[in-house]
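One structure is given here, and the rest of the page talks about it.
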């Protein structure tokens, strides 16, 4: 595996431009969780011209619905959920300054366009490595819509959160590159 | 609780000659709370302890994988299973829809509650006490979380005897979403079924958290074939179908799937599937139903015989 690249949030365009598909990164700083229901609410607010409950400028959105925290732990297991369900929402959040997403699985062409247009990066964490990922999460504060339970928006403080760049701001797509490299006719 | 019939009381002839045998001597009673307690523990065990069969297959995959990224991912998954085993963090945050396959001995009577109620109570208890995620909404469109991961999905088969075997298979949403039923026609034949399976895995790509286990159902009816694919996932990874024809099909499918290049997490590589399991059932002269139920690498299932 290539050397790990350490990045800190909030991200700048300059940092995002240094990231390429296949890069292994360790993320430190704040990341915001959101998945299906929270995204619907965020986009509904944007449609209505209302302010969002969180400032996403420069920030990463992590597609996760963690398991409950045991007493004394900030969070339970916290691996990524399937990102393609957020395909329709992701370009909207990139357009207002979010610098990218963390999830699992390929995102569609509209998202790829938005990553290029707004200088964003899509990274993946290993789906199902949820216990391991949880160890990098040091604090967890629900900041919007607690009634959504596991789907509420949380502000996570992470140290060396492991991820891999899957789709970058240069049009790179590791899924297509991987199949081209390892597929056997 | 365990009232087994004694030898000398066995048989209908005795019953006719000497009057009815008391029910508790013919039937074995199991009190509902015993079932609930066992189910609660099963739900927890399944989510914290990945089976040795899966771990072995992951380690074999690590040896085979050519992609450095793929190997790093497999290493993370193996390390993750070790962390989960310590009992603080379930192996995946998606602790699943609790699916049960029950083999109910015909000489068993459940007392206090119905079997379904007893299992449901066990799910409530296990998902609460085990700090497992509550992932079920009460209505598919109005989507309000039931907050205790109930109801479970329960399949019951009857068997001879006095045992009650309960298997739980917590199923994550990501891989379940990548499943499909196809009503093929008899002329499509084995080749048609194989092409359908491989194409489904190709289209699922990175989404179901590869490396995956692929459950395949062939035959039966529209609903039966989906059940077959699900049931096949209970077989240990590495287990082959007893019929050599289907055992060969499983291996051929595994080979074709692993040539797709999807690899661990879909980032490219050799290890896309850990195994393929095929289950079959007789079908109508006009039909060839086929199904694919994809299981992520957190291939969780635990059984108990009460």
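Summary table below
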{"read-out": "Condition met for residue A:127 (surrounded by 15 or more Cβ atoms within 10 Å (Cβ to Cβ), facing another protein chain (nearest Cβ under 7 Å), touching a strand residue (DSSP E or B) at 6+ places or on another chain (Cβ under 9 Å) and part of a loop (DSSP other than H, G, I, E, B))", "value": "yes"}
{"read-out": "Hits in the range B:85-123 - residues which are within 14 Å of another protein chain (Cβ to nearest Cβ), in contact with a strand residue (DSSP E or B) (Cβ under 6 Å, 6 or more places away or on another chain) and farther than 22 Å from residue B:138 by Cα", "value": "none"}
{"read-out": "Subset tally (residues that are within 21 Å of residue B:235 (Cα to Cα) and within 10 Å of chain A (Cβ to nearest Cβ)) for the range B:132-176", "value": "4"}
{"read-out": "Residue A:110 vs. criteria assigned to a helix (DSSP H, G or I), surrounded by fewer than 15 Cβ atoms within 10 Å (Cβ to Cβ) and in contact (Cβ under 8 Å) with a residue 12 or more places away in the chain", "value": "yes"}
{"read-out": "Flag if residue A:164 is crowded, with 19+ Cβ neighbours inside 10 Å, at the interface with chain B (Cβ under 7 Å from one of its Cβ atoms) and part of a strand (DSSP E or B)", "value": "yes"}
{"read-out": "Subset of the range A:168-185 that is touching a residue at least 12 places away in the same chain (Cβ under 8 Å) and assigned to a loop (DSSP other than H, G, I, E, B) - its residue that is surrounded by the most Cβ atoms within 10 Å (Cβ to Cβ)", "value": "A:168"}
{"read-out": "Of the criteria (1) over 18 Å from residue A:65 (Cα atoms); (2) more than 10 Å from chain B (Cβ to nearest Cβ), which one residue A:177 fails", "value": "(2)"}
{"read-out": "Complete set of residues in the range A:163-173 that are more than 15 Å from residue A:106 (Cβ to Cβ) and touching a helix residue (DSSP H, G or I) at 6+ places or on another chain (Cβ under 7 Å)", "value": "A:169"}
{"read-out": "Selected residue (only one of A:56, A:46, A:26 is touching a residue at least 12 places away in the same chain (Cβ under 8 Å) and surrounded by 17 or more Cβ atoms within 10 Å (Cβ to Cβ))", "value": "A:56"}
{"read-out": "Test: residue in the range B:68-80 that is surrounded by fewer than 22 Cβ atoms within 10 Å (Cβ to Cβ), touching a residue at least 24 places away in the same chain (Cβ under 8 Å) and more than 9 Å from chain A (Cβ to nearest Cβ)", "value": "no"}
{"read-out": "Residues within the range A:82-105 that are buried (at least 24 other Cβ atoms within 10 Å of the Cβ) and within 11 Å of chain B (Cβ to nearest Cβ), tallied", "value": "5"}
{"read-out": "Every pair of residues 6+ apart whose Cβ atoms lie under 8 Å, when the first sits in the range B:233-247 and is surrounded by fewer than 15 Cβ atoms within 10 Å (Cβ to Cβ) while the second is in a loop (DSSP other than H, G, I, E, B)", "value": "B:247/B:240; B:247/B:241"}
{"read-out": "Within the range B:195-206, tally of residues that are touching a helix residue (DSSP H, G or I) at 6+ places or on another chain (Cβ under 6 Å) and surrounded by fewer than 24 Cβ atoms within 10 Å (Cβ to Cβ)", "value": "2"}
{"read-out": "Criterion violated by residue A:149 - all others in (1) touching a strand residue (DSSP E or B) at 6+ places or on another chain (Cβ under 9 Å); (2) modelled with pLDDT of 95 or more; (3) farther than 21 Å from residue A:166 by Cβ; (4) within 14 Å of chain B (Cβ to nearest Cβ) satisfied", "value": "(2)"}
{"read-out": "Test: residue in the range B:257-268 that is at pLDDT 95 or above, over 29 Å from residue A:164 (Cα atoms) and either in the same structural domain as residue B:283 (by TED's automatic domain parsing) or under 19 Å from the mean Cα position of the chain (by Cα) (or both)", "value": "no"}
{"read-out": "Qualifying residues in the range A:17-39 (those that are farther than 17 Å from residue A:94 by Cβ and in a helix (DSSP H, G or I)) - the one farthest from the chain's Cα centre (by Cα)", "value": "A:18"}
{"read-out": "Count of residues meeting criterion [surrounded by fewer than 17 Cβ atoms within 10 Å (Cβ to Cβ) and either at pLDDT below 95 or not in a helix (DSSP H, G or I) (or both)] in the range B:29-48", "value": "2"}
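Conditions (1) in contact (Cβ under 8 Å) with a residue 40 or more places away in the chain; (2) on the phi < 0 side of the Ramachandran plot; (3) surrounded by fewer than 22 Cβ atoms within 10 Å (Cβ to Cβ), marked per residue:
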position: B:106; (1), (2), (3): yes, yes, yes
position: B:115; (1), (2), (3): yes, yes, yes
position: B:123; (1), (2), (3): yes, yes, no
position: B:143; (1), (2), (3): no, no, yes
position: B:157; (1), (2), (3): yes, yes, yes
position: B:163; (1), (2), (3): yes, yes, yes
position: B:181; (1), (2), (3): yes, yes, yes
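Results for (1) assigned to a loop (DSSP other than H, G, I, E, B); (2) more than 14 Å from chain A (Cβ to nearest Cβ), shown as yes or no for each residue.
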site	(1), (2)
B:207	yes, no
B:225	no, yes
B:242	yes, yes
B:253	no, yes
B:292	no, yes
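The values are calculated or read from the model by the stated rules, or taken from the named source; none is laboratory data. Every value quoted in this text rests on a predicted model; they were computed, and no experiment measured them. Neighbour counts run over all protein chains shown; Cβ positions are idealised from the backbone, glycine included.
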